[in-house]
Amino acid sequence: MKLSDEEKTALSEAIDKMNEGLDVFIQFYNDAEEEKPVIEFKEDTIAAIEKAIEAYGTETVSEKINAIIREVLSFLPNKK
């Protein structure tokens, strides 16, 4: 395929931009950490949470679960 000098320059710039974008993706991938859950729920608990989310929405269920866990763990002594 024959290209004019202008087309070669445009193509070269496009390739450079693609490489820069790919470098960003590679950096994000390399910097990414594996997501590890703080607690692993049993299947029946997950099913109950999903049912509650359908009924009340994610935000409400998340707030309630966080409040319950804070309350249950509030008995732990403060470490200094």
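The values are calculated or read from the model by the stated rules, or taken from the named source; none is laboratory data. Note that the structure is a prediction, hence the values are computed from the model and not measured. So basically every Cβ, Gly included, is an ideal-geometry build from the backbone, and we count neighbours across all protein chains shown. For the accessible areas, the whole protein counts, side chains as well, though only heavy atoms, and no ligand, DNA or RNA atoms are used. Shrake-Rupley method; radii C 1.70, N 1.55, O 1.52, S 1.80 Å.
Relative to the longest principal axis of the Cα atoms of the chain, the long axis of helix 58-73 makes an angle of roughly 50 degrees. Ranked from largest, the principal axis spans of the Cα set of segment 37-79 equal 38, 20, 14 Å. Say R0 is 35 Å: what FRET efficiency, to the nearest 0.05, do residue 8 and residue 30 get from their beta-carbon distance? Approximately 0.60, to the nearest 0.05. Cross-link partners of residue 17 among lysines, defined as those whose alpha carbon lies under 19 angstrom from its own and excluding same-chain residues fewer than eight positions apart: 8. Diagonalising the gyration tensor over the Cα atoms of the chain and scaling each eigenvalue by 5 before taking the square root yields semi-axes of 52, 19, 11 Å, largest first. Of the solvent-accessible surface of the chain, computed with a 1.4 Å probe over protein heavy atoms with every protein chain present, carbon and sulfur atoms account for 57 percent. Among 48, 32, 14, which one shows the biggest mean-square fluctuation in a GNM of the chain, springs joining Cα atoms closer than 10 Å? It is 14. Think of the chain as having a plus end and a minus end, set by charges on the Cβ of Lys, Arg, Asp and Glu; of 37, 11, 21, 37 sits farthest toward the positive end of this dipole.
Of all the options 63, 34, 13, the one that moves most in a Gaussian network model of the chain with Cα springs shorter than 10 angstrom is 13.
The mean accessible area for residues of the chain, using a 1.4 Å probe and ignoring ligands and nucleic acids, is 103 Å² per residue.
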